[in-house]
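Structure first, commentary second.
Any read-out appearing in this document is the output of simple, stated calculations on the displayed coordinates, not a laboratory observation. Here the structure is a predicted model, which means the values were calculated and not measured. With ideal geometry, Cβ positions are generated from the backbone for all residues, glycine too; neighbour counts draw on all protein chains shown.
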Amino acid sequence: MSPSAANAHAPMPGAEGLAEPLRSRWSPSVFDDRHRLGADELAELLHAAQWSPSAGNTQPWAFFVAERGNATHRVVVEHLSRGNSGWVPRASVVLVAAVQVEPDAEGNGGGDATLYDLGQAAAHVTLQARAMGLHAHQFAGFDTDAVHAALGVPAHYRVLTGIAIGVRGSHDEVDERTSAREDRVRVRKPLESFVFDGVWGTPWTAPGADRPAGSAEGAAP
């Protein structure tokens, strides 16, 4: 890993106090295409999703296990966007995430909360991966409709995202575009841009802290 990449992925302001593996989680794009996960490791990752919270314990998520080289993996690779085709195929496994968005034949399930629940399940997988010494990179750049059809997903489910998981590889083995993704500095919006107090647009501030520049008590949104 280059020195610039090492700096780019160090904890940024606000992340220093986070617990592991939250602090060291990031999304690499250079995976080792020789590394493989054992069945027990895959099961651990999936158990993390299994035990994530869900509304009413409905557990509306579903995952396809696309291990590098298997039939499901070939479907995913065939339908990747140009931007993702250079790095996703190198990961040890891709989990294709789907979620129930409409009631089933018995009228059960569906609703807006299912998207929230799938997000939590995916987050649990990424943190479990990091705890196991792995890295996960979530992505949405693929033809979800084509993958939905090819994998026989029922109509009341929606294929939404993928999670590429593996260990880091060498920059020397990937194209310049993929390598460049690795050196991007981790940057997040400041809290005051998305955490509000009272009314929309009024930033929340911790007790005793100075209010952000440009904000005012009781300001209209």
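Values as computed for the structure displayed
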quantity: Long-range HN-HN contacts of T202 with modeled amide H, under 5 Å; calculated: D197
quantity: Counted charge near V153, where neighbours are those whose Cβ lies closer than 15 Å (Asp, Glu -1; Lys, Arg +1); calculated: -3
quantity: Debye equation applied to the C-alpha atoms of the chain, log10 I(q)/I(0) at 0.08, 0.10, 0.13, 0.15 Å⁻¹; calculated: -0.36, -0.56, -0.88, -1.07
quantity: Cβ-based net charge around E173, under 13 Å, with every Lys or Arg adding one and every Asp or Glu removing one; calculated: -3
quantity: Fewest-first sequence of E192, E20 by Cβ atoms within 10 Å of each Cβ; calculated: E20, E192
quantity: GNM result for the chain, Cα springs below 10 Å: residue of A129, A180, A105 fluctuating most strongly; calculated: A105
quantity: Only Lys, Arg (+1) and Asp, Glu (-1) charged, at Cβ; the range 20-185 dipole about Cα centre in debye; calculated: 340 debye
quantity: Selected from L45, L95, L18 as most flexible by GNM, with the chain as the system and alpha-carbon contacts under 10 Å; calculated: L18
quantity: Alpha-carbon radius of gyration plus Dmax, which is the widest Cα pair, for the range 64-123 in Å; calculated: 14.5, 42
quantity: Footprinting exposure proxy for W51, W26, W200 (fewest neighbouring C-beta atoms within 10 Å first); calculated: W200, W51, W26
quantity: Phi-based couplings in Hz for the range 35-45 (Karplus 6.51, -1.76, 1.60; Gly and Pro marked x); calculated: 6, 10, 9, x, 4, 5, 5, 4, 5, 4, 4
